[in-house]
Amino acid sequence: MKLGIVKERKNPPDRRVVFSPNACKELLEKYPLLELKVERSDVRFFTDDDYLKSGINVVNDVSDCDVLLGVKEVPIDALIPNKKYFFFSHTIKKQPYNRKLLRAILDKNISMFDHETLVNEKEQRVVAFGRYAGIVGAYNGFRAFGLKYDTFKLPKAETLADQSKLISELKQISLPNIKIVLTGMGRVSNGAKEMLDGMHMRQVDVDAFLNRTFNEPVFVQIDVLDYNKRKDGKEIDKYDFYKHPEEYISDFMRFAKVADMYISGHFFGDGSPFIFTRDDAKLPEFKIKVVADISCDIDGPVACTIKPSTIADPIYGYNPQTEKEDDYTKEDVIAVMAVDNLPCELPNDASVGFGKMFAQYVMPAFFDDDKSGILHRAQMTKDGKLTARFSYLQDYVDGK
């Protein structure tokens, strides 16, 4: 099998890659029948020379490869017909801006495997950058805090080599006795928690967070039933929330009344109640003044996230009273960090981590006739048509 790693062509440039040079070397040692080529790139974190020094074939053209791997969307004019592609297509939720991309994939008879569709038998994703979004998002949240209150200045995450350097910077800052609320229990949230643990911040339980005062900064990590409650007052397990989100309302205000900073690392499902609304943010008792919205759903469950921010300009202000953007250093304005491509700021760690997951869970399927079914479940298109599993996208493709 010939495997090609494509150059990332989307703007702004993404420096991540599916496999690092070392990962490529390990794959070639493990799979004697594998031939691997890397397309030349001047934007990748790992240089062409890095691959060449590891004995990896670096080429100008990967069109002779059977399978092509990328991270972000491949531009339509760069798609090679009749190939198998793996990348984040951002089409499975019917994103309007990529409808033409999916139509082009079908027109060019490409077999598409979106990284988001790579799931195990339990329908759990096996490859993701979520952990790194959490790591960088938490760091950026503290950077926003320091800039809002002019108490400390952290360097941008993109200027630091890896997670250990980010933690080292966080250990040097001096925080007041603030309370931080972190939503979620998945990859993103736990990535953020790694940073809080790394700076040796004390974690407390819900009751202590809501009712006690501390002489040090503390945080609480909360799950869906901590910040949502049934309308009828019944207490049922969280699976009831996932099945019947419409029966719930937000109970986040009890945290917003005592928290100074909010790190959003949850997954927001269709029909779930908003975590806090614009009306909630207007209330005098709403205390949160710094929000690191890693999930970054625009005009969604985190009311102050009115637009995505960028790596170049990661922080903006949300004025709860006007519901508009404002100077985030003003006392009553919420500082919002809502960068929507956070893992790009940690390209080394993110690439290495992603490659390990892809090598462990996906690569064997190319050589064992897809025994686990992972490729079958992930395949979105075949022979110029949507597969049965993704037939729900037909109206999206048709523009209806």
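Details
- Rounded Å value of the spacing that divides the Cα centres of the stretch 68-94 and the stretch 297-327: 30
- Rg to Rh, two decimals, where the stretch 196-262 supplies the alpha carbon set and Rh follows Kirkwood: 1.04
- Length released on extending from ARG99 to GLN321, taking residue separation times 0.36 nm less the Cα-Cα span: 76.3 nm
- Computed over the chain: relative contact order in percent, which uses C-alpha pairs under 8 Å that are six or more apart: 18
- Under the convention that each Lys and Arg Cβ holds +1 and each Asp and Glu Cβ holds -1, the size of the dipole of the chain around its Cα centre is about 320 debye.
- Euclidean distance between Cα centres, the stretch 348-381 to the stretch 212-254, Å: 35
- Computed lengthening from ASP270 to ILE249, 0.36 nm per intervening residue step minus Cα-Cα distance: 6.2 nm
- Ranked for footprinting exposure by Cβ neighbours inside 10 Å, fewest first, MET337, MET195, MET201 give MET201, MET195, MET337.
- Sorted peptide list for 266-274, 13-21, 252-260, criterion being average Cβ within 10 angstrom, highest first: 13-21, 252-260, 266-274
- By the equivalent-ellipsoid construction on the alpha carbon gyration tensor, the stretch 1-71 comes out with semi-axes of 19, 13, 10 Å, ordered largest to smallest.
- Length released on extending from ASP207 to ASP49, taking residue separation times 0.36 nm less the Cα-Cα span: 51.4 nm
- Degrees separating the helix 130-149 axis from the principal Cα axis of the chain, which is the longest one: 40
- Spacing of the modelled spin labels on LYS156 and LYS108, each 7 Å from Cα toward Cβ, amounts to 3.1 nm.
- Taken about its Cα centre, the stretch 89-143 carries a charge dipole of roughly 260 debye when the Cβ of each Lys and Arg holds +1 and the Cβ of each Asp and Glu holds -1.
- Restriction of the trypsin sites (Lys or Arg not before Pro) in the stretch 55-132 to DSSP coil positions whose beta-carbon has at most 14 other beta-carbons within 10 angstrom yields LYS93, LYS94, LYS122.
- Per-residue ellipticity at 222 nm, computed for the chain from helices alone with -39500 (n - 2.57) per DSSP H run of at least four residues, works out to -8000 deg cm²/dmol.
- Principal axis dimensions, the chain - Cα atoms, whole angstrom, descending: 63, 47, 36
- From most to least packed by mean Cβ count within 10 Å, the peptides 218-230, 342-354, 364-376 give 342-354, 218-230, 364-376.
- Percent antiparallel among DSSP beta bridges (both partners in the chain, rounded to 5): 25
- 5 Å-binned pair-distance histogram of the stretch 130-345 (Cα, whole percent): 1, 7, 16, 21, 21, 17, 10, 4, 2, 0, 0
- Quotient of Cα Rg and 2.2 N^0.38 Å for the stretch 14-156, N being how many residues it contains: 1.28
- 12 Å beta-carbon shell around LYS93, net charge (K/R +1, D/E -1): -2
- Karplus (6.51, -1.76, 1.60) ³J(HN,Hα), θ = phi - 60°, over the stretch 378-395, in Hz, Gly and Pro reported as x: 7, 5, 8, 10, 7, 6, x, 9, 6, 6, 4, 4, 10, 5, 4, 8, 4, 5
- Calculated FRET value between ASP383 and ASP223, using beta carbons and R₀ = 41 Å, to 0.05: 0.45
- Taken along the Cα-to-beta-carbon direction at a fixed 7 Å, the label points for ASP299 and ASP332 span 2.5 nm.
- For the stretch 175-269, the set of GluC sites (Glu not before Pro) satisfying both a DSSP loop assignment and a count of at most 14 other C-beta atoms within 10 Å is given as GLU235.
- Take every DSSP beta bridge whose two residues both sit in the stretch 130-345; close to 35 percent of them are antiparallel.
We did not get these values from a lab; they are worked out from the coordinates using the rules stated. Note that this is a predicted model, so its numbers are computed, not measured. Every residue, glycine as well, gets a Cβ built from its backbone with ideal geometry; the counts of neighbours run over all protein chains shown.
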